[in-house]
1. Residues that are farther than 20 Å from residue 202 by Cβ: list the strands (runs of 3 or more DSSP E) wholly contained in region 75-184 that include at least 2 such residues.
2. Could you list, in sequence order, the residues of region 207-219 that are within 15 Å of residue 234 (Cα to Cα) and crowded, with 22+ Cβ neighbours inside 10 Å?
3. Here is a list: 243, 221. Which entry is in contact with a strand residue (DSSP E or B) (Cβ under 8 Å, 6 or more places away or on another chain), over 18 Å from residue 163 (Cα atoms) and touching a residue at least 24 places away in the same chain (Cβ under 8 Å)?
4. Among all residue pairs at least 6 apart or on different chains, which show Cβ distances below 6 Å where the first residue, located in region 181-202, is open to solvent by 40 Å² or more (accessible area, probe 1.4 Å) and the second is of a type outside the set (D, E, K, R)?
5. May I ask you to list pairs of residues, at least six apart or on different chains, whose Cβ atoms are under 8 Å apart, with the first in region 317-328 being on the phi > 0 side of the Ramachandran plot and of a type in the set (D, E, K, R) and the second being open to solvent by less than 30 Å² (accessible area, probe 1.4 Å) and part of a loop (DSSP other than H, G, I, E, B)?
6. How about region 222-320: which strands (runs of 3 or more DSSP E) wholly inside it have at least 1 residues that are within 21 Å of the chain's Cα centre (by Cα) and charged (D, E, K, R)?
7. Mind listing whichever residues of region 266-298 are of a type in the set (Phe, Trp, Tyr) and away from the ligand (no atom under 13 Å from the Cβ)?
8. Quick one: in region 299-319, of everything that is away from the ligand (no atom under 11 Å from the Cβ) and out of contact with any strand residue (DSSP E or B) (no Cβ under 7 Å at 6 or more places or on another chain), which residue is most open to solvent (accessible area, probe 1.4 Å)?
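The values are calculated or read from the model by the stated rules, or taken from the named source; none is laboratory data. Note that the structure is a prediction, hence the values are computed from the model and not measured. Note that each Cβ is placed from the backbone with ideal geometry, even for glycine, and that neighbours are counted across all protein chains shown. The area values use the complete protein model at the heavy-atom level, side chains included, leaving out ligands, DNA and RNA. Shrake-Rupley method; radii C 1.70, N 1.55, O 1.52, S 1.80 Å.
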Amino acid sequence: MNDNRRYDNGSVYRNSGRSSTLRWKLLVGLMALLFVLVWDTAPVQAAKLPALKVKGAQLVNARGKKVQLKGVSTHGMSWYPEYVNQKAFTQMKKKWGINAVRLAVYTSEYNGYCTGDASNRKALEKRIDQGVQYATKAGLYVIIDWHILSDGNPRTYEKQAAAFFRKMASKYKNHTNVLYEICNEPNGGTSWETIRTYAKKIVKTIRAKDKKAIIIIGTPTWSQDVDIAADSPLKGYKNLMYTLHFYAGTHGEYLREKAQKALDKGLPLFVSEFGISDASGNGGLNKEEGSKWIKFLKRNKISYVGWSLCNKEESSALIKSSCKKTSGFRSRDLTPWGKWLLKQFK
Ligand code: IDC
């Protein structure tokens, strides 16, 4: 008796179940369609991340709270464009715990922006644009890095730099998450005076379009002589920071002392690139020195960005050369440096 009733009720439920399941499926389908449509057509939320400011020597948010950006730099985007993708950026934000990414645009080496042809420039600009969009969607701050290196003196390609940053600043003036790094590492004996002259021009160019974005200015000797820059920083502009780079296999206490001197003079520092290999980007890792650096950066709330997101056979690459994936990285895909860096982000 009980059993029959159960069967009876069961069949009634099954009948009405069928039509309500259908209704549910339709509803879910419709919602999914709507979601896809909205997702696809929604403009990138350029203003999602609050704009940052510089207060004294410190990077702060709109409420004046200290901010430390932590992130990863691409290798040259002509060399390793495949790592600039949405999945990788979103994974690095969600799983690695980074809040910033740096897009390295070499000016001179390997299809550099200034040495390649017009179609190469176009391709690089497209890649930057994709990088900015992916970073924005992932909720990351993004640094557009004018990566001078073998060209040594930023004035070598000053005209190109001005045109480039004019373009970038008008494109991204409403992206509160974009930062501009105007000369990666001046070297070859280029003086601070020369860099300063260059910086004044480029800052002026950017400010004509974008009144507020953070601008990071390179310093002499591969962005190490921050103490010298601290004696005569640029005047008359807000939100300027100065580049400090180190590779812990080569640079230790003496460079931290220079950085301390700069901080004591009130210079806002930004470590837009570092590693714990030697300065060539290769050789053994110095984790002990690396930890001393991280402590120093943490104590002074200085932002830092690790070099580099690629699988090149060199110890400063984050991904093992045997790993061909360009997203969805697992711990076993990372080099010893990659594993070490991820620990610092946590
Ligand atoms: C290195 C790359 C290497 C590439 C070389 C080009 O790791 O694969 O062949 O550039 O010259 C820097 C520079 C950065 C260097 C890095 C390691 O900003 O471009 O990348 N480094 O040498 N400064 C100190 C170290």
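1. 100-106
2. Across region 207-219, the qualifying residues are 214, 215, 216, 217, 218, 219.
3. On inspection, the qualifying residue turns out to be 243.
4. 188/152
5. Every condition considered, no pair remains.
6. 269-275
7. 270, 293, 296
8. Top of the filtered list is 299.
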